[in-house]
Structures are given as structure tokens and as C-alpha cells.
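These notes concern the structure reproduced below.
Here, each number is a calculation from the coordinates, and none is a lab measurement. Keep in mind the model is a prediction, meaning the values are calculated, not measured. Cβ coordinates were reconstructed from backbone atoms using ideal geometry, including for glycine residues, and neighbour counts include every protein chain displayed.
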Amino acid sequence: MAKILIVEDNALNIKLFCDLLAAHGHKPEAVTDSRNALDAAREFGPDLVITDIQLPHVSGLDLIRLIRKDEQLASIPIMAVTAYSAHGDEERIRAAGAQAYVSKPISVVKFAQTVDELLAAGSDTDPTGESPASWANEGDGGAGPSEPGGEEV
Ligand code: MN
């Protein structure tokens, strides 16, 4: 079980993401107003942040940059979800500091897979040396912590 913070202004997407994550045994919490996202993250202490990019007030890109600059939150993996996927968009999202990117309408399989990969990669960097939770080893044993090289889709 992982704590996952969702930042998304669309109620239907929130429901979809929360249902999906809960079905995979995770504990989701959603914020609809990105201005509250940093405070919510500090309180909730998520293992992963999933953020929409098209958000009023604070855009997803700005939010990613703010999280990366925040001492307490900087190391939390971030997955961006966006309907806008113009050429170069993924580069901008990754440059802002997100590890992964899923386009809307989401593929349920791809969404769940990306969440699992980010959580597994996060547990690999655990500095305690203690064996990470066993769920990290189930499923894809080969999810490496590094960037997916030059994959063309
Ligand atoms: Mn939106």
C-alpha cells in the first residue's frame, strides 16, 4: 500500500484515478485546487504525486517545479497526466522534474504500470538498507530505477 496524492481539477478523473489506485491496494487522496497541493503533500506525506498539467491557478508544470524545490518534498516521485500532448510536451514535463508522463484519456493498464514502476524505483533508493516492502518485488521484477532510454512509441 502506498499513499498517493492526486492533483486534478476534473471530478470524473479524480474518481477514476482514486478507484483505480484503491483497487490496486493504494491509499489515494485528491486535491482539486493546486494552490493547496503543497500543504496537502506536507500533511499527507505521499509516496507518489500524480498531477494533472492543465490546472487553474498553479499549472501542473509549476507545481512540479515547486515540489522539486521543496526541501521536504523534493524526493517524492511525480507522475504527470495530461490531455495536451503536443510535440515537446513530454520533454518539458520531464525537465520540470516529473519522472513519468501518461496522456489522457489514460490507458488503465499503462496508468497502473507506471504507478507501480515509480513506487518500485522509489523503494530502491531507500537508504536504510533494510529490505523494502515485499510488494516491490511482485509483478515486474525488472523495473529498473533509471530513465527509459530512447523508447519510441
Ligand atoms: Mn485539468
Notebook entry, point to check: Pick from 61, 5, 55: which is under 15 Å from residue 80 (Cα atoms) and away from the ligand (no atom under 14 Å from the Cβ)?
Noted result: 5
Note to self: So for segment 28-48 (the condition being within 15 Å of the ligand (Cβ to nearest atom), crowded, with 16+ Cβ neighbours inside 10 Å, hydroxyl-bearing (Ser, Thr, Tyr) and part of a helix (DSSP H, G or I)), does at least one residue qualify?
What the structure shows: yes
Next item on the list: Working only within segment 49-72, note down all residues that are over 21 Å from residue 121 (Cα atoms) and part of a loop (DSSP other than H, G, I, E, B).
Entry: 53, 54, 55, 56, 57, 58, 59
Margin query: I need a count of the residues in segment 84-119 that are part of a loop (DSSP other than H, G, I, E, B) and either touching a residue at least 12 places away in the same chain (Cβ under 8 Å) or within 16 Å of the ligand (Cβ to nearest atom) (or both).
Written below: 9
Margin query: Looking at 21, 16 in this structure, which one is within 16 Å of the ligand (Cβ to nearest atom) and assigned to a helix (DSSP H, G or I)?
Written below: 16
Check: How many of the residues in segment 31-51 are out of contact with any Lys or Arg (no Cβ under 9 Å at 6 or more places or on another chain) and either touching a residue at least 60 places away in the same chain (Cβ under 8 Å) or small (Gly, Ala, Ser) (or both)?
Finding: 5
Note to self: Given the criteria within 22 Å of residue 13 (Cα to Cα), within 15 Å of the ligand (Cβ to nearest atom) and assigned to a loop (DSSP other than H, G, I, E, B), does residue 81 qualify?
What the structure shows: no
Item checked: Lone unmet requirement of (1) surrounded by fewer than 16 Cβ atoms within 10 Å (Cβ to Cβ); (2) touching a Pro at 6+ places or on another chain (Cβ under 8 Å); (3) of a type outside the set (Gly, Ala, Ser) for residue 19 -> (2)
